[in-house]
Structure formats: structure tokens, C-alpha cells
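The values are calculated or read from the model by the stated rules, or taken from the named source; none is laboratory data. If you're wondering where the values come from, they're calculated on a predicted model, not measured in any experiment. Ideal geometry is used to build each Cβ from the backbone, glycine not excepted, and the neighbour counts take in all protein chains shown. Keep in mind that these areas ignore ligands, DNA and RNA; they rest on the heavy atoms of the full protein, side chains included. Shrake-Rupley method; radii C 1.70, N 1.55, O 1.52, S 1.80 Å.
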Amino acid sequence: MKFDSARELAPAPESKSAATIKPQYELFINGKFEKPASKKYYHTINPATEERISSIAESNQADVDRAVKAARQAYEKTWKKMPGKERAKYIFRIARMVQERAREFSIVETLNGGKPIRESRDFDVPTAANHFFYYAGWADKLEYAFPNRQASPLGVAGQIIPWNFPLLMAAWKIAPALATGNTVVLKPAETTPLTALKLAEIIQEADLPPGVVNIITGAGATGAAIVNHPDVNKIAFTGSTDVGKIIQRAIAGTSKKATLELGGKAANIIFDDAPLDQAVEGVINGIFFNQGHVCCAGSRLYVQESVFDQVLRKLKDRMETLIVGDPMDKNTDIGAINSKAQLDTINKYLKIGLQEGADMYQSSCKLPGKGFFCRPTLFTNVAQSNRITQEEIFGPVLTIQTFRTDDEVIAKANNTPYGLSSGVWTDKGSKIFNLTTKLRSGVVWANTFNKFDPVSPFGGYKESGYGREGGLHGLYAYVNVK
Ligand code: NAI
Ligand code: MG
């Protein structure tokens, strides 16, 4: 297939003016926006243009202390005593307000994080609202969630989230914590604080009792101060396996509970009996969705030998059609890499792949002159032992290997330190059952990929972490059960 400029689409930009971004944001503590004790601010930028968009407060130890204190007081005085059906009203209110301001949230998410507006609009924001709706529904039904047992909240939850799904991760963390009667201190990632701060505005408007949710900004040191705070009862973390290990060491020997959602290196497996066009579409979505900044991204493709040539050709053709560029354009498929640091990491791995002797293929698209961008990339001629097949790259980079038998591909797929997700493409139900029981990962998608629903639990095996978020399972992480 050949694609030429005839395919070029007219620009279809979303308007920035439908969202307001303040020049400076403070910390949301005890229901109010307060200046940081540190008196320090840093700039948050748009990774697609490298322009500054706002100044963000940097919390120090005193700020973390204030936030935890507010959360503790709110927990003791109001939230833990409030009947579930009253708590539910607040959570429903947040859900509806996120929906009402969906367009604004999508714009801000895309400006601050670099993801295509189509994804913010159609995935991140509606799924975030759905999580609030879903857990609001549980708040007054905990006796059915834990039949014949008594579930009580843990207390103050310290929640630290990453930059790949900023609003959605905030919803994943806050909604089940509130539904079960806990209070929250949440820290968004340093590169993507804006939608969490917008959520703070909603929480204020929704009139939640002050201190039930506190949202404080800052980098790793702020996160560490939350983890190490003696009055925090539970840590919920999503991010790198390295930081997950630091957290695990930090809380060892304390009574703190934790859920850790860490990295991944998911296998996506295509059998020769699969509907190949659909499978290729699923592979494209699996690795290029959100620039590949996805813990469950299908970053290792395994193709049955007899259809390898066909699949590779289809994949390359499809990659050529992907539109890389302005995240605010509604036609864009692949937006900006979230930060300079992440782009450097991805480029480092592209070099490693070449040094390891793999063959690299990139689509021929032009990249914008400014901002952080990476062409969709695939590597063939890779070995199971290569670093590019073993380590999480967290970018639009796919490795492809072949296999002959079920047992061989199961062994290869499981040969990884991670175990978050995997995908199977086949016409045969029996193969699906065989693989879903043998693949060591928290989620196995069959003839689809990257499907999320608040009802469905999500979480890892091995170095992908522990604990489940979403669904009924997601409640367990926030309660003591007697
Ligand atoms: P990170 O794990 O350092 O950052 C995630 C969150 O943890 C941020 O809010 C950060 O401020 C906070 N944090 C950093 N150090 C901390 C500490 N010592 N104690 C408590 N909180 C801390 O991830 P980073 O450095 O942004 O990305 C590095 C790699 O991690 C990526 O290339 C990717 O492979 C992986 N990653 C995986 C994610 C996932 O969803 N599983 C999300 C983000 C990154
Ligand atoms: Mg880090």
C-alpha cells in the first residue's frame, strides 16, 4: 500500500478557549486552596509545544503534615461516621460534575500531558466519571460487598499517581477510598498536575466536608513524605517498579497497607487462525494508544510463524497511516511524549535495540519541529534476552517475535519480570481458555486489548505490583474486614 499527501486531512483543532487554566495553582488542603509553606513553585508545560502553562506549588514536609492532619481530622470528625448513603451523594455529585465539565477536563488533560484530544475526550474523562459513578453505588452497599462481615475504613489514604492517565488515576484512587469511608491525600505526578487540581475545584464546589480530599503537588520528595508520614494508614501507588520497591522498603515493619500498580511488558499473541486485520488493529491500539505510556501496553508481539510475513506487512501499512502530531487536533492518533525525560528514555532504548542487533522500522511521518515526539516504531529480529524485550520502554515501541506452538508462546510470554496484562488473538475458544489459565498476568484480553471498565478488577503479578483496583476487588484495598 502507498499513502501520499492526498490522504492529508484538514486541521481539526479543539479550542483551547473552552478551558480556563489559572496562571498559578496552590495546594488544596482542608477544603481551601492554600499557598505552600515551601513558598516554592515550578512551571508545568505543554509537552507538544514546550510552552509554560502554569505555576504549580511544590509541597514540602510542612505541607504534607498539614494535608495529613486535615485528612485525619476529617476522618475522625465526619467521614468515618457518615452513613454510606450520605457519602454516596457526594461521590455521585463529583461524577456528575466531571461529566458536566468533560470538555474542559479533556482539553486540560491534553494540553498538560500530550495525549490526543480524542483519547482524553473519549476515554480518560468518561472513564474517570464512570469510576466515581460506580463506587458511589457501593458506598451504601458495603454489607452486600462483604456479606456477613463487617468492613471498616483504614483511615487516611496517601495516594501517589503517575502522568500517563492523570485524571483517570485520580478517580481510580479517590473513588473507592471515599466509598469505603477513608479520607485522602493525593499527589499527582509533577508533569501533569492540572486535571487533579481541576478535580480539587470540583470537590470544593461539591461541598465535600473540608479535609476529606486533599490534593497536593510536588515531585518524588513530596511523594516520599506522604509514604513516610506516620499518620498515613494506607498507600496507593501507581508508577514505576523502582519507586514501588522504594515504597515497599519504606513501609516494611509498619502497619501501613499498600497497593502497588507498577510496570508491565505485556505479550500480545497472534495465532494463525486469528482474524488478522482485527488482530493488527488490536496490536496498533495495544502499543500506540497514549503514545505507549500505558502500564498494560502490548509491547511484546508474538506472531505464529506461518502468518508472520502477512502480519508484519499489515502492521507496517497500518503504522504508515497513523497521524502523529498536534494532540489538540481531533485527527491525531499519536500525540506528544509526556516529557523530555521520557523521550530521552525512549530514545535510549531505540539505541539499545540497534546495538543489540535488532532491525528497527519506523513510520515515515514528519514530526513537529517543537515539542517531544517519537515515531511509531517496531523492532524485528529480537531475542527474548534483549533488553528491549525485557524492560519497560513506556513509549510507542513494539518488539516482534515468532512462535510455533502454544507451549512455546506461553513460555515466552511468561518469561518476564512483569505480569500485568496480555492479549490473545485466535478463532478458537479452546486456545483462549488454555492461554488465559496459563499466562501469568492480572488481565488477559481475548480478541481485544486495552478494554477498561470500573466493574472489572485490574492489577499485577510479580514486579507489576500487588492489590487490585476496580470492581468489588477494589474495595478490599480500603477496608479492614472482620
Ligand atoms: P515514577 O514512579 O518516578 O513516578 C510516579 C509517581 O511517583 C509520581 O507522582 C512521582 O512524583 C512519584 N514518586 C517519585 N519518586 C517517589 C518516591 N521516592 N516516593 C514516593 N513517590 C515518588 O515514574 P517516572 O520516573 O515518572 O517514570 C519512570 C518509568 O516508570 C517510566 O519510564 C515507566 O517505565 C514507568 N512508569 C510506569 C507507570 C505505570 O503506569 N505503571 C506510570 C509512570 C511511569
Ligand atoms: Mg521517577
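Below, the figures for the structure above:
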| item | result |
| --- | --- |
| Unmet criterion (only one of (1) closer than 30 Å to Q362 by Cβ; (2) in a loop (DSSP other than H, G, I, E, B); (3) of a type in the set (A, V, I, L, M, F, W, C)) for I400 | (2) |
| Selected residue (only one of L312, L260, L276 is within 16 Å of ligand 2 (Cβ to nearest atom) and either over 21 Å from I161 (Cα atoms) or buried (at least 18 other Cβ atoms within 10 Å of the Cβ) (or both)) | L260 |
| The one condition in (1) surrounded by fewer than 22 Cβ atoms within 10 Å (Cβ to Cβ); (2) in contact with a His (Cβ under 8 Å, 6 or more places away or on another chain) that S152 fails to fulfil | (2) |
| Filtered residues of region 415-445 (kept if crowded, with 16+ Cβ neighbours inside 10 Å and in a helix (DSSP H, G or I)) | K431, I432, N434, L435 |
| Meets criteria (open to solvent by less than 40 Å² (accessible area, probe 1.4 Å) and either modelled with pLDDT under 95 or at positive phi (or both)) for G325 | yes |
| Every pair of residues 6+ apart whose Cβ atoms lie under 6 Å, when the first sits in region 450-466 and is not assigned by TED's automatic domain parsing to the domain that holds F165 and part of a strand (DSSP E or B) while the second is surrounded by fewer than 17 Cβ atoms within 10 Å (Cβ to Cβ) and at pLDDT 95 or above | none |
| Exclusive hit being under 20 Å from the mean Cα position of the chain (by Cα) and either small (G, A, S) or within 14 Å of ligand 1 (Cβ to nearest atom) (or both), set G137, G220 | G220 |
| Unmet criterion (only one of (1) farther than 30 Å from L312 by Cβ; (2) more than 16 Å from ligand 2 (Cβ to nearest atom); (3) among the small types (G, A, S)) for S240 | (2) |
| Only listed residue being open to solvent by 40 Å² or more (accessible area, probe 1.4 Å) and in contact with a strand residue (DSSP E or B) (Cβ under 6 Å, 6 or more places away or on another chain), chosen from N182, N233, N228 | N233 |
| Filter result for A206 (free of Cβ contacts under 8 Å to residues at least 60 places away in the same chain, among the aliphatic types (A, V, I, L, M) and surrounded by fewer than 22 Cβ atoms within 10 Å (Cβ to Cβ)) | no |
| Per-region count, region 330-339, residues out of contact with any Lys or Arg (no Cβ under 9 Å at 6 or more places or on another chain) and part of a strand (DSSP E or B) | 0 |
| Hits in region 84-100 (condition: under 17 Å from Y478 (Cβ atoms) and open to solvent by 40 Å² or more (accessible area, probe 1.4 Å)) | Y90 |
| Count of region 389-414 residues which are more than 16 Å from ligand 1 (Cβ to nearest atom) and buried (at least 16 other Cβ atoms within 10 Å of the Cβ) | 10 |
